[in-house]
Structure formats: C-alpha cells, structure tokens
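See below for the structure under consideration.
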Amino acid sequence: MELLQSTDFWIGLIKIVWINIILSGDNAVVIAMAARSLPPAQQKKAVLFGSGAAVVLRIVLTVVAAKLLALPYLQIIGGLLLLWIGLQLLSEEDDGEGESKEYGSMFVAVRTILLADLVMSLDNVIAVAAAAQGSMVLLVLGLAISIPLVIFGSTLMIKLMERFPIIVMLGAALIGWVGGETIVSDVSLHDMLAANPWMHYAGAIAGVVIVVALGRFLQRRARAAAH
C-alpha cells in the first residue's frame, strides 16, 4: 500500500505508459503487416502468439539490453535484418492455396514478428527500464502494459490495412525508417554520428527508400512473373 501512495511510483508508471504508447506503435505495425495475409482466425492467433512471444523476449532483453547495445556492429546487423523484413513484407505475394499454405503463412508470420520485435525492442526495453529506475514492480507493470497495447494496435492496423492499402506502404516505410535509424545508431558509428548529426536522418531516409523502392520493384516483378 505504501508503494501505491508514493508520488514517484505514479510518476514512473505514467512515464512507462507514455513510453509504451509511443514505442509500441512500430511493433504493432510489423505484427499487422506480417499477419494481414492470413485468414481472420489465423490473424488473431498470429497477433496473440506474436505479441505473447514478443513480451517474453522483452523480459529476457530487459536483463541484457544495455550490454547488447554496447556491442559494436550489433545494431548494424539488426538494422539490416529490419530492412530485409520490410522488403519481405512489402514484396510478398499471396500465392498458393489450401490448408498447407495457411499453416506455412502462420509460421512465417510469427517468425517475422519475433525477428522484428527482437531488434525493435532493444531501445524500448532500455527506455522502460530507465523510467522504472530500478523498481521491479514498475518494470513488470511496464511489460504487462505493453501486451494489450501491441495486441490492440496490431488488430486496429490490420483492419485499417484492409480498408486503406496505402497503409501497407506506410508501414513498410516505417520499418525502413527504424532499420536505417538502427544502423546509424550503432556504437561503432558513435563518433561519426556525433560529428555529423544529419547522418541520423540520412540513415533513416535511406532505409525508407531501400524498403519502399526495392520492395515495389520486387512486387511488380512477382506480379509480372505470375502472368
């Protein structure tokens, strides 16, 4: 009860909720893009499995995130992985039919969600851990709050993508932005970035261009090959 009466506790909780609202958006976009081509019943499963597994990943990352981000070239590798995921999600075609295709897609969707969340959650986890200021209760609450936010956000994004296809392109662009940003934020480029702050935005914009332009090209090529 003393904890609930503490002003610091409530300020920390408000910070964590706000951080989760801001930072869970990109994760929700990835989950929605990965699950959008599945049948409705499997979409729900992919969102639940992907979000649940992502939260388990975040718990593990909470322990090791700061150490991982200190490793040189790790964020470069992670950023390149995100660019690849963005390309895959934008260029993929819904080919094949039948039950085997559906189960294959379900596996691929969950795998994509996990890979993307692994990279994108590093900064999220550090931000939540910083706001928690060593409080295990706040840290656990932060992780718990992120579950419904990501699930709700993903479900909403899937519906919006079905109604407004342009959101798929915007989602891919967001993944490209985060991927480019992740690459230039690597510890090995710290001095270069400090001397040239514009590199942060240049890297992010380059990520968008790579994913959208190359993704659209692969999309058109796949369509041409199908006809």
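Measuring with a 1.4 Å probe in the full set of protein chains, what accessible area per residue, in whole Å², belongs to the chain?
Details: 12420 Å² over 227 residues.
That works out to 55 Å² per residue.
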Can you give me the angle between helix 198-209 and the longest principal axis of the chain, using Cα atoms only, in degrees from 0 to 90, rounded to the nearest 10? 30
Gaussian network model of the chain, Cα within-10 Å springs - most flexible of Ile113, Ile151, Ile166: Ile166
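Can you show me the helix-derived [θ] at 222 nm for the chain, built from DSSP H runs with n ≥ 4 at -39,500 (n - 2.57) apiece and divided by the number of residues, rounded to the nearest 500.
Calculated mean residue ellipticity at 222 nm is -28500 deg cm²/dmol.
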Sort out for me the Cα centre separation of region 199-218 from region 25-76, rounded to whole Å. 21
With the chain treated as a Gaussian network of Cα nodes joined by springs under 10 Å, which of Leu68, Leu149, Leu170 yields the largest mean-square fluctuation? Leu68
Charge dipole of region 7-226 built from unit charges on the beta carbon (Lys, Arg +1; Asp, Glu -1), centred at mean Cα; most positive-end Cα among Phe49, Leu118, Leu139 is Phe49
Please find, in a Gaussian network model of the chain (springs between Cα atoms separated by less than 10 Å), the residue of Val209, Val125, Val137 whose mean-square fluctuation is greatest. Val137
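With +1 assigned to the C-beta of every Lys and Arg and -1 to the C-beta of every Asp and Glu, and no other charges, what is the dipole magnitude of region 7-226 about the Cα centre in debye, to the nearest 20?
Values: 14 positive and 15 negative charges, 50 e Å.
Around 240 debye, computed over region 7-226.
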Work out the charge dipole of region 7-226 with +1 on the Cβ of Lys and Arg and -1 on the Cβ of Asp and Glu about the Cα centre, then indicate which of Pro165, Ala35, Trp198 is farthest towards its positive end. Pro165
Count the lysine pairs in the chain whose Cα atoms sit under 23 Å apart, keeping only pairs 8 or more residues apart in sequence or on different chains. 5
On C-alpha positions alone, give me the angle between the axis of helix 166-184 and the longest principal axis of the chain, in degrees, nearest 10. 50
Carbon and sulfur atoms: what percent of the 1.4 Å accessible area of the chain do they account for? 71
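Report the longest stretch of the chain that contains none of the GluC sites (Glu not before Pro) sitting in a DSSP loop with at most 15 other Cβ atoms within 10 Å.
Working: sites that count: Glu2, Glu93, Glu97.
Counting only loop sites that pass the neighbour cut-off, the longest clear stretch is 98-227.
The values are calculated or read from the model by the stated rules, or taken from the named source; none is laboratory data. Keep in mind the model is a prediction, meaning the values are calculated, not measured. Ideal geometry is used to build each Cβ from the backbone, glycine not excepted, and the neighbour counts take in all protein chains shown. Just so you know, the surface numbers come from the protein's heavy atoms only, side chains and all, with ligands and any DNA or RNA stripped out. Shrake-Rupley method; radii C 1.70, N 1.55, O 1.52, S 1.80 Å.
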